Amino acid sequence: NRADTAAPQIDTTGLPKEVKPAFAFGLDAQQLQPVIQMLMFQAGPEAAPVQAQLEAMGLYGPDASTITVVSGYGADRAHMAMRYTNYRQILEKTKMLSTKRVNADVLKRVPADAGWAQITAAKLSGFGDMIAYWAKTAAEQEGRDDVDPMAMIEQQTGINPQRHIFAHLGDYYGAYTSDTTGGGGFMSLAAFMEVTNPGELAKTMARINGMVNQMAQQHAGGYVRIAERKYEDLTVTTLTFPGIPVPLEVSWSLADGWLYGAASPQALLAAVKHARSGKDNLTSNPRFKEMGGAALGDAIQVTFLDTPRLV
């Protein structure tokens, strides 16, 4: 491709006024199109799924993005700003663009003593549509008939992921580690996902549990099992490994219109208890507030790292 001999102009306006850029990077994916097309042509039919993935990432196709990253140093911390154009067009194609935004009410599900957290607003009911879009794009590029991956799974299992799972999901999901759920390490990992139809999702989950247990009995000799336990008003489902020293008991449960998951039943119960308690949460974490966490604006994703603690 021909190189532009002019000095590159990289947008650095994302930094605070008093911070001078120490590093700047720019990528114009539109200018990369001839190179990618040449590589795709040489790869032949096998390039179709790669091409679909590149389009989903904004690196190929009519909505190819311009990406800029700039960083600089203030008095006591580093600052970084990233700008990603055409992001909305990319998400609209995947059917997962939500009209919701991350708000303080969703952040309340994360305990104040979290060491890491990420909360996202996305149209989870469109997850199956996203998979179908990728499959259709790949099929068109390979010159073959469209294949419905959801129908294929339903034919094998009797469960259509889009109708029986994704259609019952809402617009928020998140995960975190914290002292509240167990020491702040990996075993304290907890996650949550909004559910719009808990009753129907519970039926699907029960069917999946039954199938997994049947397969485990046939192929794992009883060393893998899904068990259900009652804790007050919660039905907690746990993946167990009887007779094998596996230190994980991944558990999940539906509660109050949310699907919770955790690395252990104890972490799961602590996560649900916190969400119901109304106690201090991420919005009251001093480091989260110091870094501007209270100014959510139009955020569709919030990520928090307690860097001093993690170091």
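Here are some notes:
- Placing Glu249, Glu46 in order of accessible area, with the largest value first and a 1.4 Å probe, yields Glu46, Glu249.
- Comparing mean-square fluctuations of Ala271, Ala22, Ala139 from a GNM of the chain with C-alpha springs under 10 Å, the top value falls on Ala22.
- List Asp129, Asp105, ordered by accessible area with a 1.4 Å probe, largest first: Asp105, Asp129
- For region 217-294, the Cβ-based charge dipole about the Cα centre amounts to some 100 debye (Lys, Arg positive; Asp, Glu negative; other atoms uncharged).
- Using Cβ point charges alone (K and R +1, D and E -1), the dipole size of the chain about the Cα centre works out to roughly 620 debye.
- Highest-MSF residue in the chain out of Val19, Val102, Val147 [GNM, Cα springs under 10 Å]: Val19
- In the assembled protein chains, His274 presents an accessible area of approximately 20 Å² (probe radius 1.4 Å).
- Remark: relative contact order (the chain) = 17 percent; criterion is Cα-Cα distance under 8 angstrom and separation of 6 or more residues.
- Dipole in debye (nearest 20) - region 35-177, about Cα centre, beta carbon charges: Lys, Arg +1; Asp, Glu -1: 600
- Under the simplified labelling scheme, the Arg287-Glu154 pair shows an inter-label distance of 4.7 nm, with each label point 7 Å from Cα along Cα→Cβ.
- Comparing Tyr176, Tyr73, Tyr260 in a Gaussian network model of the chain where C-alpha atoms under 10 Å apart are linked, the largest mean-square fluctuation is found at Tyr73.
- Tally of Lys pairs whose C-alpha atoms are under 19 Å apart, taken over the chain, 8 or more apart or cross-chain: 12
- Length available on full extension from Ala139 to Lys100: 0.36 nm per residue minus the Cα-Cα distance, which gives 10.8 nm.
- Taking amide H as placed 1.01 Å from N in the peptide plane, Ala255 has its amide H under 5 Å from the amide H of Tyr260, each at least 5 places away in sequence or on another chain.
- Inter-part distance, region 189-258 to region 11-39, computed on C-alpha centroids, equals 45 Å.
- Which of Ala227, Leu282, His79, positive extreme of dipole for the chain (C-beta unit charges): Leu282
- Remark: region 74-91, residue by residue, has Karplus-estimated 3J(HN,Hα) of x, 5, 9, 6, 8, 10, 9, 10, 10, 10, 10, 7, 6, 5, 4, 4, 5, 5 Hz, where x stands for each Gly or Pro and the curve is 6.51 cos²θ - 1.76 cosθ + 1.60 at θ = phi - 60°.
- Ranked from largest to smallest solvent-accessible area, with a 1.4 Å probe on the protein heavy atoms, Trp134, Trp258, Trp252 come out as Trp134, Trp252, Trp258.
The values are calculated or read from the model by the stated rules, or taken from the named source; none is laboratory data. Since the structure is predicted, the reported quantities are computational estimates derived from the model, not experimental observations. Cβ sites come from the backbone with ideal geometry, for glycine too, and all protein chains shown count toward neighbours. Just the protein is used for accessible areas: all its heavy atoms, side chains included, with ligands, DNA and RNA removed. Shrake-Rupley method; radii C 1.70, N 1.55, O 1.52, S 1.80 Å.
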